[in-house]
Ligand code: ATP
């Protein structure tokens, strides 16, 4: 059997209600959902549907989640691929993977193609003194550019890509007709954190002692992924203690544990 070349997910179950906060980003992608649902409404009037948008923001803020929610809301297939998969790839494989992905996407249009960590392939060409030339990465990037130019803007394929380093991307990617729209996905503020906690506590049995407002106040700087982690960790701590609901103290312990992890992360990067 042929190896799976990229993730092809069946019907996407994620919807906008799973994405807490990010109201501006959601508003911007709402338009993409409309394009996917009713392409004719736009093209009949001579409009050109954008080919892609770049989701820019720190790790764990919900870029992948938002891209999936676009597919879920529009009820279209979601194809995904991560730039980091191309880093150590045999010659020719990266480019052929990209070609394959787009061939399948065109067959299944309307659909979403999601490229996570696009900076791993999309770094500016010929500017990597550490690694000498990385021809395979460049081939992959060139193939991606070729594919983006090769399909008409009204083909029904919309490409969303995510990065936390838009500044290092090859300018060719950002040119008109490619990723000419950038959508910012920021770390959540106090209110957003409350909302994210609520989303992730939907299926957690919590005790009356748990105060979501307080949790949000105690987690400045946390991303959505960190908050999802806190909720899961708290449930595991409570279960380990044989409790039948998760209590305030379990959340405090979980927050401490995640803060510990975050501090380590900062030490490594600075
Ligand atoms: P990375 O840059 O590290 O790939 P990302 O921005 O793509 O991160 P996601 O993978 O979408 O982040 O987020 C990881 C998980 O964190 C999600 O599956 C979800 O459980 C949770 N999460 C992140 N942001 C949100 C949010 N705004 N609302 C609800 N859950 C969130």
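The values are calculated or read from the model by the stated rules, or taken from the named source; none is laboratory data. Note that this is a predicted model, so its numbers are computed, not measured. Every residue, glycine as well, gets a Cβ built from its backbone with ideal geometry; the counts of neighbours run over all protein chains shown.
Could you identify the single residue in 179, 222, 197 that is within 14 Å of the ligand (Cβ to nearest atom), part of a loop (DSSP other than H, G, I, E, B) and buried (at least 19 other Cβ atoms within 10 Å of the Cβ)?
When all the criteria are applied, what remains is 222.
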For residue 227, are the conditions met, namely being under 30 Å from residue 40 (Cβ atoms), buried (at least 19 other Cβ atoms within 10 Å of the Cβ), within 16 Å of the ligand (Cβ to nearest atom) and at pLDDT 95 or above?
no
For segment 63-76, give me each residue that is out of contact with any strand residue (DSSP E or B) (no Cβ under 9 Å at 6 or more places or on another chain) and near the ligand (Cβ under 8 Å from one of its atoms).
65
Could you run through segment 101-126 and say how many residues are at negative phi and not in a helix (DSSP H, G or I)?
12
First in segment 49-60 and without any contact (Cβ under 8 Å) to a residue 40 or more places away in the chain and within 12 Å of residue 163 (Cβ to Cβ), second anywhere and near the ligand (Cβ under 7 Å from one of its atoms) and not in a loop (DSSP other than H, G, I, E, B), Cβ under 8 Å, 6 or more apart
none
For segment 80-100, check the following and say yes or no: at least one residue is at pLDDT below 85, in a helix (DSSP H, G or I), away from the ligand (no atom under 16 Å from the Cβ) and surrounded by fewer than 19 Cβ atoms within 10 Å (Cβ to Cβ).
yes
List every residue pair whose Cβ atoms sit under 9 Å apart, with the two residues 6 or more apart in sequence or on different chains, where the first one lies in segment 14-40 and is farther than 16 Å from residue 75 by Cβ and modelled with pLDDT of 95 or more and the second, anywhere, is part of a helix (DSSP H, G or I) and more than 15 Å from the ligand (Cβ to nearest atom).
none
Pick out the one residue from 236, 262, 187 that is in a loop (DSSP other than H, G, I, E, B) and within 16 Å of the ligand (Cβ to nearest atom).
187
Looking only at segment 200-219, filter to residues that are crowded, with 19+ Cβ neighbours inside 10 Å and assigned to a loop (DSSP other than H, G, I, E, B); which one of those is farthest from the ligand (Cβ to nearest atom)?
210
